[in-house]
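*Asks:* The structure is given below, and queries will be raised subsequently.
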Amino acid sequence: MRRLIFVFVMAAGARLAGQVPDAQAPISFEAASVRPNTSGDSSTSVGPQPGGRFIATNAPFALLLTLAYQLQPFQIQGAPGWTRTDRFDIVAKLEGDPPTPAIFGSTQTDPRMLALRTLLAERFKLAVHWETQELPIYALVLARPDGKLGPNIHRSVVDCAAVAAARSAAAKEGRTTTPTTGDRFICGLRNNAGRMQFGGNPISFFANGLANQVARVVIDRTGLTGNWDFELTFTPERIRQAPPGAPPVDIDPNGPSLFTAIQEQLGLRLESTKGPVNMLVIDHIEQPSPD
C-alpha cells in the first residue's frame, strides 16, 4: 500500500532579492485571538488548519514572523530579544475555506500567512521594510562534471502538488481519496535528527529547506527538472538532547557532515558564493496586551 505522507515544513523558504515580496492587497482574519503563553513548556505547535483556521500554541514571536513572511531567522534584522523568548497562543480564522498549499512554508504563499502579517501589524504594532543586501550564500550544484547523481536520489513518480489538489477537491465534495498500491512516499521535506527525507517536489524546494540548516540562502543551480525522491543521513553539528522520558536520539557521531552527505549520497554540492538577499528590517514593534 502506498502511503502518501504530507509533511508541512515549518521552516519557511528563504527569499532571494529576485523574488519580489508578495504584492497582494492586505488579507485579514475575520476573527483572531492572541494571548501570551506563560506555561514554561518548551514544545511548540503551529500551522494551518481546515476551514481557513490558523492555530499556534506556545509559539515565539520570531517563529510567527518567519512563517508570515516565509523567511529564515537570519533574514530578519532589528528584532528585540523578547521576540525570541516570549511565547504566544493564536487562534484565528479566515472567511471561507482557502486551499492549503501542498507544502506549508514553500514559495507558494498560504492566504493564512498573508493574514498573519496583518495580525502581527495590528496586535504587535509591527512596522517593517525590505532591504536588499549582498551576502554570502550557497549555490546547490552538480558535484560531478558528467552530471551523474548519487546513489540515494531518484526521480519521483509522485507529484505532491497534484495529489494535494486532488485531495482538496475531494474533501470539498465530501469524498476521500484512496491511495494506490506501490511504494511509500514522503511529500515534501522531513528533517529529523540527522535524517532528511524528501519526495515528490523539485530540487529547488530542497534548496529552500537547506537554508535553515546552513544559515544562508541556498539557490538551486543544479539544472535538474521535475520532481525527486531521496533520503539523506548525516551527523548534525548540534545534537539535541532527547526530552525527559523520551528514547535517546540515535545519531552516529562519526557520520558524515551535511555537506559531505549531500555530495556522497546525492551527487550534489554546496558551493559558497555571494548574492543579493532580501532582508526584513523591523522599524517598530510592541509587546501586545492580552485580548
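Every read-out reported here was derived from the displayed coordinates using simple, explicitly stated rules and does not represent laboratory data. Nothing here was measured: the structure is a model prediction, and the numbers come from that model. Cβ: placed from backbone, ideal geometry, glycine included. Neighbour counts: every protein chain shown.
*Asks:* Kindly rank 81-87, 192-198, 214-220 from highest to lowest mean number of other beta carbons found within 10 Å of each residue.
*Replies:* Details: 81-87: 14.4, 192-198: 17.6, 214-220: 20.0.
The packing order, highest mean first, is 214-220, 192-198, 81-87.
*Asks:* Still on this structure, please answer the following. Can you list residues whose amide H is under 5 Å from Ser28's amide H, if they're 5+ apart or on another chain and H is modeled 1.01 Å from N?
*Replies:* The list, which skips near neighbours in sequence, is empty: none.
*Asks:* While we're looking at this one, here's another question. Using θ = phi - 60° and the Karplus relation 6.51 cos²θ - 1.76 cosθ + 1.60, list the HN-Hα couplings for segment 187-192 in order, rounded to whole Hz, with x at every Gly or Pro.
*Replies:* Computed from phi, the couplings for segment 187-192 are 9, x, 10, 10, 10, 8 Hz.
*Asks:* Right, something else. Efficiency by 1/(1 + (r/R0)^6): what FRET value for Glu134 and Ala166, r their Cβ-Cβ distance, R0 = 51 Å, to the nearest 0.05? Don't skip to the answer; put the middle values down first.
*Replies:* Working: r = 42 Å, r/R0 = 0.83.
So the FRET efficiency works out to roughly 0.75.
*Asks:* Tell me which residues come under 5 Å, amide H to amide H, from Val46 once H is placed; ignore anything under 5 positions away on its chain.
*Replies:* Thr57
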